[in-house]
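**Student:** To start, I am sharing the structure in question, which I have written as structure tokens.
Bear in mind that the values in this text are calculations on the coordinates, not laboratory data. All of these numbers come straight from a predicted model, not from anything done at the bench. Backbone-built Cβ (ideal geometry, glycine too); neighbour counts: all protein chains shown.
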Amino acid sequence: MGGLSSEREVSIITGNSVLEAINRKGLNALPINVDHNIGEILKSSRIDLAFLALHGTFGEDGCIQGLLEYFKIPYTGAGVIGSALAYDKLKSKEILKFHGVPTANYEVFYKNQKVCRGLDLPVVVKPINQGSSLGVTIVTEEKDWESALKTAFAYSNEIIVEKFINGKLLAIGMNGVKPMPIVHIRPKSGFYDYEAKYTSGKTEYICPAVIGKDEENRCRKIATQVFQLLRGRGFPRVDVILDSHGVPQVLEMNTIPGMTPNSLLPMAAQRMGLEFDDLVVEILETAQRDYPE
């Protein structure tokens, strides 16, 4: 947990929640607060399995996964390629578009190059490699365009601008290729930003989501397709916007979802009758299954 990204604080909260759950289950767990010396720690520690509670750069992008592969330590979540693909918003969008998966139209811009937007407002401006909505702005008026670019470029040299899609924000946790109950996310501000995600009372969550059976089936089918295309593994989460035509427009696949008792994945698991501590153990067991001795 911890790590070097801008999501370090969230990662520590996730890590501590997971650690407490593992301890309650009577397993021997060692908390590792990831820093630049992580290689030396892994080399000197006797670790059977690694539960990855890292968010953001170096934690979800394939870097720590590659390091663990070198040390032959089984770990939770997606592998090196799956992590890298899902974390890079541009590459994942290109794959989804190629395979005909519904996702918002988009443009890509680069720092220190001329930006000439072709999409009409409203649009969503975001860095290609951040989570927790960091650096993301919904632009509805032209006067806010330049400041949105500045915000996104502060996090990445490459940004993506998507056509804004109005609809229901849904989170679909995955147990392997099997979708879990769908969570409907309703931020009171209208934008599911960092504050809405991590401030109690700022967002309403409905699980299972109140949607039509056909819409639910489409969401489940597309989530499974995304899981397979982006090489998902374990318990990731696929986020979509259900548009006015009942079509799930894919936002992203989160390979290491937040894991506090109030997070979306545990919420869906609880609806299935799987309590938080048991979910943590099931996730840990995926590492054991994926890397048999």
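**Student:** Going by the structure shown, is residue 86 under 19 Å from residue 283 (Cα atoms), touching a residue at least 24 places away in the same chain (Cβ under 8 Å) and part of a helix (DSSP H, G or I)?
**Tutor:** yes
**Student:** Count, please, the residues in region 159-178 that happen to be within 14 Å of residue 103 (Cβ to Cβ), part of a strand (DSSP E or B) and β-branched (Val, Ile, Thr).
**Tutor:** Result for region 159-178: 2.
**Student:** Select, from 251, 274, 264, 230, the only residue that is buried (at least 21 other Cβ atoms within 10 Å of the Cβ) and more than 19 Å from residue 99 (Cα to Cα).
**Tutor:** The unique qualifying residue is 264.
**Student:** Hey, another quick one. Identify all residues within region 136-147 that are assigned to a loop (DSSP other than H, G, I, E, B) and either without any contact (Cβ under 8 Å) to a residue 40 or more places away in the chain or in contact with a Cys (Cβ under 8 Å, 6 or more places away or on another chain) (or both); write none if there are none.
**Tutor:** Within region 136-147, 140, 141 meet the criteria.
**Student:** Part of a strand (DSSP E or B) and under 24 Å from residue 8 (Cα atoms): does that describe residue 150?
**Tutor:** No, not satisfied.
**Student:** Quickly run through region 26-75 and pick out the residues that are among the hydroxyl-bearing types (Ser, Thr, Tyr), under 25 Å from the mean Cα position of the chain (by Cα), surrounded by fewer than 18 Cβ atoms within 10 Å (Cβ to Cβ) and part of a loop (DSSP other than H, G, I, E, B).
**Tutor:** Within region 26-75, no residue meets the criteria.
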